[in-house]
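J.: Dropping a structure here in structure tokens format, bear with me for questions.
The values are calculated or read from the model by the stated rules, or taken from the named source; none is laboratory data. Remember, it's a predicted structure, so these values are computed and weren't measured experimentally. Don't worry about glycine lacking a Cβ; one is built from the backbone with ideal geometry, like all the others, and counts go over all protein chains shown.
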């Protein structure tokens, strides 16, 4: 089946035509592809808004020389250590960029945010290098999502698991914690604004009762459409995960959320 409807294809052509001057300076062909523009079209309520956001993204890419980053990550595996500063970041921010894929081909990732050492992150990497890693990650993920979408004939997205187990209020209240929240806001704003419709669902697990406060601060940078994709759960999250249909048993096992049944029980 076609990736986009006839009406969407017409809107995609119109947006590409409106951006022809800016696209003349873009080296990465994926940026002007149907699937990349389709993400903007589906991420915003009107064609006009999608066009404005797409043009804004092109200006941002030019300012940050994102074509060079795209060239640098092309063909790399979706692993932390493959990206600049990833080896060091992985030591203070435990993350699995690709746990696996769902039946529909969506990419599943898991961030163990509650185990992050925020003080070490700022002391050993700093904000600039951390944000540089995220820019490389966003570019690599976008390439893989678009490639998979073309292959599947449907919009492939990411299922993101953010595990807060171990997160303490005292850390968030510290100077490093406040810096961390500000960094999270900037990273989320970049992902939302310049890579729309990358996420299918965002699961926040093991959320403490006080998480409503930092979430209120962080979520203001997200679009209403993105906020609607977020599922926040305390420790009793497994029934919701299994009922969602997005995460098969094998993926839950890989993340350690269920124990594999012994052969005699199957």
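J.: Against the definition (at pLDDT 95 or above and either under 24 Å from residue 237 (Cβ atoms) or in the same structural domain as residue 59 (by TED's automatic domain parsing) (or both)), how does residue 172 come out, yes or no? If you could, list the steps in order and put the result at the bottom.
T.: Values: at pLDDT 95 or above: no; either under 24 Å from residue 237 (Cβ atoms) or in the same structural domain as residue 59 (by TED's automatic domain parsing) (or both): yes.
Spelling it out, it is not the case that residue 172 is at pLDDT 95 or above and either under 24 Å from residue 237 (Cβ atoms) or in the same structural domain as residue 59 (by TED's automatic domain parsing) (or both).
J.: Sticking with this one: Given the options 259, 236, name the one that is surrounded by fewer than 16 Cβ atoms within 10 Å (Cβ to Cβ), outside any strand (DSSP E or B), in contact with a helix residue (DSSP H, G or I) (Cβ under 9 Å, 6 or more places away or on another chain) and at pLDDT below 95. Break it down stepwise before answering.
T.: Details: 236 fails: in contact with a helix residue (DSSP H, G or I) (Cβ under 9 Å, 6 or more places away or on another chain).
The conditions single out 259.
J.: Please identify the pairs in which a residue from region 209-236 that is in the same structural domain as residue 178 (by TED's automatic domain parsing) and touching a residue at least 12 places away in the same chain (Cβ under 8 Å) has its Cβ atom under 7 Å from the Cβ atom of a residue that is in a loop (DSSP other than H, G, I, E, B) and surrounded by 13 or more Cβ atoms within 10 Å (Cβ to Cβ), counting only partners at least 6 apart or on another chain.
T.: Between residues of region 209-236 that are in the same structural domain as residue 178 (by TED's automatic domain parsing) and touching a residue at least 12 places away in the same chain (Cβ under 8 Å) and residues that are in a loop (DSSP other than H, G, I, E, B) and surrounded by 13 or more Cβ atoms within 10 Å (Cβ to Cβ), the close pairs are 211/164; 232/207; 233/207; 234/206; 234/207; 235/206.
J.: Identify, please: which residue in region 148-162 is without any contact (Cβ under 8 Å) to a residue 60 or more places away in the chain and in contact with a helix residue (DSSP H, G or I) (Cβ under 8 Å, 6 or more places away or on another chain) and is, among those, nearest to residue 100 (Cα to Cα)?
T.: 158
J.: Could you tell me whether region 101-113 includes any residue that is closer than 30 Å to residue 21 by Cβ, exposed (fewer than 15 other Cβ atoms within 10 Å of the Cβ) and touching a residue at least 24 places away in the same chain (Cβ under 8 Å)? Explain how you work it out, then say what you get.
T.: Our first condition is that a residue be closer than 30 Å to residue 21 by Cβ; within region 101-113, this holds for none.
There is no residue in region 101-113 that is closer than 30 Å to residue 21 by Cβ, exposed (fewer than 15 other Cβ atoms within 10 Å of the Cβ) and touching a residue at least 24 places away in the same chain (Cβ under 8 Å).
J.: Another question about this same structure. Do the conditions hold for residue 97, that is, is it touching a helix residue (DSSP H, G or I) at 6+ places or on another chain (Cβ under 8 Å), surrounded by fewer than 19 Cβ atoms within 10 Å (Cβ to Cβ) and touching a residue at least 40 places away in the same chain (Cβ under 8 Å)?
T.: Working: touching a helix residue (DSSP H, G or I) at 6+ places or on another chain (Cβ under 8 Å): yes; surrounded by fewer than 19 Cβ atoms within 10 Å (Cβ to Cβ): no; touching a residue at least 40 places away in the same chain (Cβ under 8 Å): yes.
No, not satisfied.
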